[in-house]
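Down below is the structure, laid out as structure tokens.
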Amino acid sequence: MYPDDLDQFTRGYIERLLSGCRLVEIDSDVEIYSIENYPAAAFWAVNTAWCISDPLYYWKYKQDGPLILFRSRKRSRDYLWHPITGEFRNSRNKRCCIQSFWKSHPTAQTIFDELNSAMNATKNCLK
């Protein structure tokens, strides 16, 4: 799915990629990452229709709030969630029902609830 030949990437690019992808949760069912910079967004957008492969779109979303990547380990599928807009999209960039995703990935719902609570607490502190 992703490039096998890492020689095409510079050391600096790989360092930015690694520093820009924070692991939030991992279990047998799902991996959840927070995408923190553009190199990480571009990497995870490979072979998807996500607009975050374009730096302008990435920064538009990022300035409003976090981008969360859900990787279904059972089905080898990726989903992108932008909590501020409520967009939850599959790799074809089609909107998905997050409740359906939770039914087959209960860990993801727990993490979602925790992230939502943390974001709401941050908003209240900024008021």
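The values are calculated or read from the model by the stated rules, or taken from the named source; none is laboratory data. What you are looking at is a predicted structure, and each value in this text was computed from that prediction instead of being measured. Methodologically, a virtual Cβ is constructed for each residue, glycine included, from the backbone with ideal geometry; neighbour enumeration extends over all protein chains shown.
Restricting attention to region 60-83 and to residues that are more than 21 Å from residue 106 (Cα to Cα) and over 13 Å from the mean Cα position of the chain (by Cα), the residue that is surrounded by the fewest Cβ atoms within 10 Å (Cβ to Cβ) turns out to be 63.
Filtering region 87-114 to residues that are loosely packed, with under 11 Cβ neighbours inside 10 Å and under 16 Å from residue 50 (Cβ atoms) leaves 92, 94, 95.
Residue check: residue 90 meets all listed conditions (1) in contact with a Cys (Cβ under 9 Å, 6 or more places away or on another chain); (2) under 19 Å from residue 37 (Cα atoms) but one, namely (2).
Among the helices (runs of 4 or more DSSP H) confined to region 1-86, the ones with at least 3 residues that are at pLDDT 80 or above and of a type in the set (A, V, I, L, M) are located at 38-44.
As a summary of the residue check, residue 45 satisfies the conditions (1) touching a Pro at 6+ places or on another chain (Cβ under 7 Å); (2) of a type outside the set (Lys, Arg); (3) surrounded by 17 or more Cβ atoms within 10 Å (Cβ to Cβ) except for the one numbered (1).
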